[in-house]
Amino acid sequence: MDFLSDLELDSLINKIYPTIHGRYINNVYSLDELRYSLTVKDSEYALNFHLKIGIWLSDKYIKERWEGEFIRKLRDFLEGSRLEGAEVPRGQRIIALRVSSGTLYMELFGGSNLICTDRSGIVECALREAEFKDRKVITGEVYSLPKLRGTPISEIFEPPYNEKVPISKHLGFYLATSKKFIDEILYRAGVQPDKIADTLSEEEKGAIRKELKGLVEECRNSELMYQYQDGTFSLVKLLSKG
């Protein structure tokens, strides 16, 4: 499965969230630990999300009531809360949904996770509690974001091109983005991914810069979204009913 990048998640949030901003969450439904629906008062749409796919608005919603300790805590946290904001933290594949009771963090990477924090950032409940080298997700402790590795592609950062490694690996080290974007940028720039970084000409560096900027602008402004599946890079509709 091809995961969405922070750039795509940010585009999604900027386009869909304003439709429901300021409204109240009526009910929380869940089919399993990955799939959720939040019904919104006085709105024709439900806010649906899948922790392995992404987030969207739909006139349809999950009507199941998956039971368990976590989902009961999630309902207590969200139901009746006002939607106050949504954002994608810099360079992260995380959606932060701000509500009157605190923040719901949707971690769409690795094993995926769903974390509720109060307004001071203390974890109230989590789908999975865990400890990592650089952070931990534990009830009663402050929630922290994963350490960012590389510069977000949206900042149009230009790497130094000073290493004797393939350019695809070089860009992957300096840019915090998905492999599909690196592959597409190099393809559009006409640069072979296995070419050594410090052998690139100024013309090739300029082409990479141009295509990187172009890809970012397309994601920000288009009503379409990039999808890479079975070796094919294509665009799919960002918003639709159903």
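Nothing in this text is a laboratory measurement; each read-out follows from the coordinates by a stated rule. Note that this is a predicted model, so its numbers are computed, not measured. Methodologically, a virtual Cβ is constructed for each residue, glycine included, from the backbone with ideal geometry; neighbour enumeration extends over all protein chains shown.
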Study note, to complete from the structure: Given unit charges at Cβ for Lys, Arg (+) and Asp, Glu (-), the dipole magnitude of the chain about its Cα centre in debye, nearest 20, is 260
Check your understanding: If you place +1 on the Cβ of every Lys and Arg, -1 on the Cβ of every Asp and Glu, and leave all else neutral, what size is the dipole of the range 6-137 about its Cα centre, to the nearest 20 Debye?
Key -> 60
Study note, to complete from the structure: For the pair Arg220 and Arg82, the simple spin-label estimate (label points 7 Å beyond Cα toward Cβ) gives in nm 3.1
Point to revise | In nm, spacing of pseudo-spin labels at Lys60 and Asp42 (7 Å Cα→C-beta vector) | key: 2.8
Point to revise | Candidate lysines - alpha carbon under 29 Å from Lys205, same-chain residues fewer than 8 apart omitted | key: Lys147, Lys164, Lys169, Lys179, Lys180, Lys195, Lys213
Exercise for review: Go ahead and run the numbers for FRET between Ile53 and Ile196, Cβ-Cβ distance against an R0 of 35 Å, rounding to 0.05.
Suggested key: 0.45
Study note, to complete from the structure: Mean separation of Cα contacts under 8 Å (at least 6 apart) over the residue count of the range 127-176, i.e. the relative contact order in percent, is 30
Revision key, fill the gap. Summing -39500 (n - 2.57) over every DSSP H run of at least 4 in the chain, dividing by its residue total and rounding to the nearest 500, the 222 nm mean residue ellipticity is -7500 deg cm²/dmol
Point to revise | Candidates Phe157, Phe181, Phe77: whichever shows maximal mean-square fluctuation once the chain is modelled as a Gaussian network with Cα springs under 10 Å | key: Phe157
**Study point:** Local net charge near Leu34, Cβ-Cβ under 14 Å (Lys/Arg +1, Asp/Glu -1)
**Key:** -1
Practice item. Could you calculate the contour length gain from Lys179 to Ser100, that is, 0.36 nm times the residue separation minus the distance between their Cα atoms, to one decimal place in nm? Key: 24.8 nm
Revision key, fill the gap. Looking only at lysines whose Cα falls under 27 Å of Lys60's and that sit 8 or more positions away or on another chain, we get Lys15, Lys41, Lys52, Lys73, Lys237, Lys241
Practice item. Per residue of the range 119-124, in order, report the coupling 6.51 cos²θ - 1.76 cosθ + 1.60 (Karplus, θ = phi - 60°) as ³J(HN,Hα) in whole Hz, putting x for Gly and Pro. Key: 5, 9, x, 7, 5, 8
Check your understanding: Out of the range 1-70, which trypsin sites (Lys or Arg not before Pro) are coil in DSSP terms and have no more than 15 other C-beta atoms within 10 Å?
Key -> Arg23, Lys41, Lys52, Lys60, Lys63
